[in-house]
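*Asks:* My questions will all concern the structure given below.
The values are calculated or read from the model by the stated rules, or taken from the named source; none is laboratory data. For clarity, every value in this text was computed on a predicted model and none was experimentally measured. No Cβ is skipped: glycine too gets one built from the backbone with ideal geometry, and neighbour counts run over all protein chains shown.
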Amino acid sequence: MKEKSILEDRLMPLMDMASGLPDDFSKGERMLKMIPEDRRGMIGGFLDPLSYKMGVSAMKAFSSYFKNLEQGRKEGKKVILHSFNIPPEIFHALDVAPIFTELFTTLAVNVFPNGAEKYIDYCHEKGLPDSLCSAQLGGLGPILLGDEPKPDIVVSGAPGSCDTNSKVMEYCAKTLNVPYLQIDTPAYNDERGLDYYKIAFRDLISGIESISGEKLDPDRLKEVVGYSNRATELYHEINELRRAVPCPVPNMYSLLSYGVRFTTVGQPKAVPFFEAALASSKERMKRGEGAVGEENVRCLWVYTSIYFDPELFGWLDSIGMTVLMDMLGWFPVTPIETSSTDAMIDGLAEEMFNYPMTRQMRGPWDAFDSWTGDMVHLAKKLNADCCIFTGHMACKRAWGTFGLLNTRIKEDVGIPTLTLEADSWDKRITPTPVIKGKIEDFLEMVI
Amino acid sequence: MSALSELTKVSEALTNSHIESWKGQGKKVLGYNCTYMPEEIVHAAGILPFRMRGTGCTETTLADSYLATVNCSFARACLELLIEGKYDFFDGAIFVYSCDHMCATHSNWKAHGKTPFMENIISVPHTITEYGLKWYRDEIGIFRDKLEEHFEVKITEESLKDAINTCNETRSLLKRLYELRRSDTPPITGAQSLSVLVAGTSMPKDQYNQLLKELLNELAGSEGVSDYKHKLMISGSEIDDPALFNIIEDLGGLVVTDSLCFGTRSFWEPVRENGDPMDAISDRYYKHIPCPRMFDSYSKRLDFVKDMAKKADVDGIILESIKYCDSHGVDNVMLEGDLEDKGIPVLVLEREYGALADTGRIRTRVQAFLERISR
């Protein structure tokens, strides 16, 4: 184990800096402009006065999340390494220190000059197949290499929606010799499926309680769910604004929203982010302005986004492409009933049951609320002109039914879809210039 | 014709004289994809369960338009044969959610609308729990109801018990075959054994059991194989074509046992014959020797592999997986470490499904492995 983990050495200083940005745009602008343009990454997008507060709030939320992890480690709290598709509320309520593999990977690809390549390659050197998902390998690699401390518990929410993710987490727990808990997802989204899931969710909580020694405190749970509900209400209000033409919600919101959702929802820091995003979007709408300036095309990304190059979002802005949403940003959840502890646990289970990817990838393609159903619904609701599918080679279920989805979108919505073979976390597979070229060709020839 | 020749013939093509005769009597055939599908229920309905395979498929051009190249070649081969009309003799098909590839194959199969009875996928939990067992029991109960409704048949407790007895007899006969394979001069090769196993998923069970009994009698008087260098075990992804076994055995290896879903994992454990038959069936199928699609059962898989290897006294184990099968791919990495730690030589081999496209590479790797064992 290195003297300083990646978190301490690279992430915390960055988070401290970003979260230290002043609330006042004019002061923050001066500070941001001191960073060379080619080094600003995503925070370059904060230079828009209307997006500034939203961006800074997101950074503050991320910072509080990492501080919780850092502090938790110091205080001897149990650290839980989990897959992205588990609502953080349950961990916040249990007072443990969560971190998810995909977040490590996403941050690594944005912090290190060669992204997470070192860590992905290390996993392959250990013999793991090259068809696994870089999103997990980039987060697992630092732990296997000793660049990051090993967790106390590994928790997976992927069984039933992603074999690859589930298998990597199983390997991770076995290799690190730590307890492994998982929640199994049935293939059906009906009431029977949800009832099963609620039992499994309680089983998961019991497992964490038993290993961590923490007990779910009803008061703390109520507080967490209260913050979560507020964020959910704001989230849906923002989604309604996305229907407007031109779209007043900035492209960057798409990524930041689920970044915040996956980390700090259920904590006070998440709420100002959604409030700022809503306020700035309302202001733009009042002025009749689109967030990308002149809106040339409205695009629904029907799967994941690209995470290794935040500059891509600046480029999409520059060509007037509105990113209406990507699949990871779609949370068809409702505020949770807080009348009893049981009701809150059931509500969190239902939220998780409808988490992105868990909801869309678990069963038959033609179910009402399957991937197909959701994307057709969103394309219509958000007035999309086209769609983009970024197919990661690890996503066997998505690739296997994308042809059916593509046809359905064409037939039911009447819009085309661009197929991008890309690894969202590894630029070596499809580099940014190739992605830009494909999007340009698509817009020129099809749209 | 000897029983072995007859069984081999059945395994070499998709259809055979037994199916033709069955269909000629107006009886139905139901395709299925995985060992988590309880065939007793289908038998009890008077329907012939047929385990899907890609036999005879030499390219997947049509299937590649629906599935993707990152989907395993077994899944693509099966879909290709469906689109080509080779599975037109199916009166129905039932899929269990074995893996993401198979879930996607089910969706595409259903979307093609070529199979008359095409139900929703059977959702098998990925973990072993009490509520998981109940869920699985309910799932196969729903399947039973749908089968009765569509084919207008009644599945009685009696017919289920009869089916359990018949299938258990198959399991018992196959175990006897595997015991014979453990001797120093096994009377049957690994490739021949695989053909015998595949035949059992492609013809009526009572006829199969009769042929198995004849086979065991034939083998009892045979000389046995002695011109091999090393006894091997094979474990991993779906194999229904003896091509890989032939390579191994041509090079001096002899496959004497396995942990495969067309092999031991499909028959090693019987269904208990007392109590409620649906309970007994769900208990056995849910908890049988687990495929790596079960994410909490690694130690059980490892123990089974070690146990089978020990019983057959093998010199090494080949852990194979079809390219893009991440469940077996990752499991094989874990197994490799644990087996090598126990002093068992292991070869991890990634391959494509079916008749081998990369024979040269596989031959070289197996050859090197056999040399390593010889040292």
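*Asks:* Among all residue pairs at least 6 apart or on different chains, which show Cβ distances below 8 Å where the first residue, located in the stretch B:104-118, is under 16 Å from B:Asp64 (Cα atoms) and at the interface with chain A (Cβ under 7 Å from one of its Cβ atoms) and the second is charged (D, E, K, R) and assigned to a helix (DSSP H, G or I)?
*Replies:* B:Ala104/A:Lys396; B:Ala104/A:Arg397
*Asks:* Is one or more of the residues making up the stretch A:356-370 crowded, with 17+ Cβ neighbours inside 10 Å, part of a helix (DSSP H, G or I), in contact (Cβ under 8 Å) with a residue 24 or more places away in the chain and within 14 Å of another protein chain (Cβ to nearest Cβ)? If you could, list the steps in order and put the result at the bottom.
*Replies:* Going residue by residue through the stretch A:356-370, those that are crowded, with 17+ Cβ neighbours inside 10 Å are A:356-365, A:367, A:370.
Filter again for part of a helix (DSSP H, G or I), leaving none.
The answer is no; no qualifying residue exists.
*Asks:* Which residues, counting only those in the stretch A:374-411, are within 12 Å of chain B (Cβ to nearest Cβ) and touching a strand residue (DSSP E or B) at 6+ places or on another chain (Cβ under 9 Å)? Let's see the steps before the verdict.
*Replies:* In the first step, residues of the stretch A:374-411 are kept if they are within 12 Å of chain B (Cβ to nearest Cβ); the result is A:389, A:391-408.
Residues satisfying the conditions are A:Phe389, A:Gly391, A:His392, A:Met393, A:Ala398, A:Trp399, A:Phe402, A:Leu405, A:Asn406.
*Asks:* Those residues that are within 11 Å of chain A (Cβ to nearest Cβ), in contact with a helix residue (DSSP H, G or I) (Cβ under 7 Å, 6 or more places away or on another chain) and of a type in the set (Gly, Ala, Ser), I need them from the stretch B:319-361; list them, please.
*Replies:* B:Ser321, B:Ser327
*Asks:* How many residues, within the stretch B:64-93, are within 13 Å of chain A (Cβ to nearest Cβ) and either touching a residue at least 40 places away in the same chain (Cβ under 8 Å) or among the charged types (D, E, K, R) (or both)?
*Replies:* Within the stretch B:64-93, the subset within 13 Å of chain A (Cβ to nearest Cβ) is B:64-76, B:78-79, B:83.
Imposing the further condition that a residue be either touching a residue at least 40 places away in the same chain (Cβ under 8 Å) or among the charged types (D, E, K, R) (or both) reduces the set to B:64, B:66-67, B:70-74, B:76, B:78.
Looking only at that region, the number is 10.
*Asks:* I've got another one for you. I'd like to verify a number: residues in the stretch A:405-439 that are in contact with a Ser or Thr (Cβ under 9 Å, 6 or more places away or on another chain), in a helix (DSSP H, G or I) and under 21 Å from A:Gly314 (Cα atoms), how many?
*Replies:* Number satisfying all stated conditions: 2.
*Asks:* Tell me which of these A:Ser212 doesn't satisfy, since it passes every other one: (1) under 19 Å from A:Ile336 (Cα atoms); (2) among the hydroxyl-bearing types (Ser, Thr, Tyr); (3) touching a residue at least 24 places away in the same chain (Cβ under 8 Å).
*Replies:* Unmet condition: (1).
*Asks:* Also, quick follow-up: When you scan the stretch B:1-38, how many residues do you find that are in a loop (DSSP other than H, G, I, E, B), touching a helix residue (DSSP H, G or I) at 6+ places or on another chain (Cβ under 7 Å) and farther than 23 Å from B:Phe117 by Cα?
*Replies:* The qualifying residues number 1.
Let's see how each residue does on (1) of a type in the set (Val, Ile, Thr); (2) touching a helix residue (DSSP H, G or I) at 6+ places or on another chain (Cβ under 8 Å); (3) modelled with pLDDT under 80:
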{"site": "A:Leu11", "(1), (2), (3)": "no, yes, yes"}
{"site": "A:Ser26", "(1), (2), (3)": "no, no, no"}
{"site": "A:Ile43", "(1), (2), (3)": "yes, yes, yes"}
{"site": "A:Asp48", "(1), (2), (3)": "no, no, yes"}
{"site": "A:Gly55", "(1), (2), (3)": "no, yes, no"}
{"site": "A:Asn85", "(1), (2), (3)": "no, yes, no"}
{"site": "A:Ile99", "(1), (2), (3)": "yes, yes, no"}
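*Asks:* For the structure I just gave you, tell me whether A:Tyr197 is at pLDDT 95 or above, touching a strand residue (DSSP E or B) at 6+ places or on another chain (Cβ under 6 Å), closer than 30 Å to B:Ser98 by Cβ and among the hydroxyl-bearing types (Ser, Thr, Tyr). Walk me through how you get there before you give the answer.
*Replies:* Details: at pLDDT 95 or above: yes; touching a strand residue (DSSP E or B) at 6+ places or on another chain (Cβ under 6 Å): no; closer than 30 Å to B:Ser98 by Cβ: yes; among the hydroxyl-bearing types (Ser, Thr, Tyr): yes.
It is false that A:Tyr197 is at pLDDT 95 or above, touching a strand residue (DSSP E or B) at 6+ places or on another chain (Cβ under 6 Å), closer than 30 Å to B:Ser98 by Cβ and among the hydroxyl-bearing types (Ser, Thr, Tyr).
*Asks:* For the stretch A:86-204, which fully contained helices (runs of 4 or more DSSP H) count at least 1 residues that are more than 14 Å from chain B (Cβ to nearest Cβ)? Please lay out each step first, then the result.
*Replies:* Working: elements: A:89-94, A:101-111, A:117-125, A:134-145, A:163-176.
Ranges flagged: A:89-94, A:101-111, A:117-125, A:134-145.
*Asks:* Filter the stretch B:119-142 down to the residues that are of a type in the set (Val, Ile, Thr) and either part of a helix (DSSP H, G or I) or more than 8 Å from every other protein chain (Cβ to nearest Cβ) (or both) and list them by number.
*Replies:* Step one: of the stretch B:119-142, the residues of a type in the set (Val, Ile, Thr) are B:121-122, B:124, B:127-129, B:140, B:142.
If the condition is that a residue be of a type in the set (Val, Ile, Thr) and either part of a helix (DSSP H, G or I) or more than 8 Å from every other protein chain (Cβ to nearest Cβ) (or both), then B:Ile122, B:Val124, B:Ile128, B:Ile140, B:Ile142 are the ones that fit.
Listed here are the residues, each with its yes/no results for (1) of a type in the set (D, E, K, R); (2) modelled with pLDDT under 95; (3) at positive phi; (4) part of a strand (DSSP E or B).
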{"site": "B:Pro49", "(1), (2), (3), (4)": "no, no, no, yes"}
{"site": "B:Glu59", "(1), (2), (3), (4)": "yes, yes, no, no"}
{"site": "B:Leu79", "(1), (2), (3), (4)": "no, no, no, no"}
{"site": "B:Ile83", "(1), (2), (3), (4)": "no, no, no, no"}
{"site": "B:Lys86", "(1), (2), (3), (4)": "yes, no, no, no"}
{"site": "B:Phe90", "(1), (2), (3), (4)": "no, no, no, no"}
{"site": "B:Ala93", "(1), (2), (3), (4)": "no, no, no, yes"}
{"site": "B:Ala104", "(1), (2), (3), (4)": "no, no, no, no"}
{"site": "B:Trp109", "(1), (2), (3), (4)": "no, no, no, no"}
